[in-house]
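In what follows, a structure is listed as structure tokens, so that the remarks can point back to it.
The values are calculated or read from the model by the stated rules, or taken from the named source; none is laboratory data. Since the model is a prediction, treat every value here as computed from it, not as a measurement. As a convention, Cβ positions derive from the backbone with ideal geometry for all residues, glycine included, and neighbour counts pool all protein chains shown. Ligands, DNA and RNA are stripped out before the accessible areas are found, and what is left, the full protein with its side chains, is counted by its heavy atoms. Shrake-Rupley method; radii C 1.70, N 1.55, O 1.52, S 1.80 Å.
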Amino acid sequence: GQRERWSEERRRRGRRLGPRAREDRMAARAEELLKEAEKHMGKKAFFGLMKSKPNYEGAADAFQQAAALLRSPAVKDPIRAVKAFEDAAAAHRNAGSLGFAAACLEDAGNVLRDQKQVQKASIKYLEASEVHKSAGNFEKAADSLLKAAKVSADEEPDNAITAYLDAITILEDEEKHIFISDAWRACLSLMLRNNKVDEAITFLLRMCPTFVSLKQPEYLRKAQLSVIVLQLSQADTVAASCSLEGFGEFQIHQEGEAAADLIEAFENGDEDGVKKLTSTQSFTLLENQVGRVAHRLKDVCREAASDLTGGGGRPAASRPAPPGGAAAGAATNAPAASAANDADDMDDLM
């Protein structure tokens, strides 16, 4: 009856509105919501005498609705959308709703990310992570850190690596090792793309106990082989030999045998042997960035061949000192070489 006619009339009016009219109406609604939010916050005095008690929940809801309109394709006001999300986060925090506050900060970060404002977006994600921590939600805190890492990887790789490592630490502390998979790969790749080989070696050694905890022996052996590949990429046969010995049972597996053969070929300056070995599956199935390093080892071998007769790569003091300890019957890192062992290895090279 009458209700159907009213509904049909509203639909006809909606169809008559052009795109510009709809945009104006949405923008006007956003302004109304912002004013409503300010009223909920008690910022407007009555007759200049007093302020109303803040209604933080009402303010947060109004701010969020306004932000959604401001970021929409129809209105496209990202700067004010970010401000509205920030205000919503503050209101939620005052209301004690830390989870919602963190979500609003992430929304602000998303808007900034879409505007290619990488540094500001990263900051918002980091702020969201801290709020999640305050709420005791550590998994979401780690997730926010991963968002910060991803958004800043190209422009701020050092900050991204720090965020990845912090996220991995949280997941390890919470015994959520199963969620680390994508993070450690992205972190390792970023390190190697930015020529942070020492950091990558230390990181792989750190990851070994995690692979033991997850009962992933194949990943453990690949990580150990990757350490040796990276050490050889620095023409450091002493460190590579020390790692091979320190990895214990690793030596009896296919990856360990491949590592031993590679070190021997490298020490002998056998460029063709290095090229042949690094073309086998033991090396081609390593993480992409490590596989690329392995592919270039033939060039490192050729360049270092003349030096190997008088040295052995970099001095031991210049190498990152791997953490001590072993797990599940397999050594997960290489012990520091003693001065005597270093001398013996040098004699062998000569």
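Data for the structure
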read-out	value
Residues (open to solvent by less than 50 Å² (accessible area, probe 1.4 Å), in a helix (DSSP H, G or I) and under 16 Å from G291 (Cα atoms)) located in the range 188-207	L188, S189, L190, M191, L192, V197, A200, I201, L204
Residue match in the range 170-187 (condition: in contact (Cβ under 8 Å) with a residue 60 or more places away in the chain and either open to solvent by less than 70 Å² (accessible area, probe 1.4 Å) or part of a loop (DSSP other than H, G, I, E, B) (or both))	yes
Residue selected from the range 114-149 under the condition polar (S, T, N, Q), in a helix (DSSP H, G or I) and open to solvent by less than 70 Å² (accessible area, probe 1.4 Å), by the criterion farthest from C187 (Cα to Cα)	S129
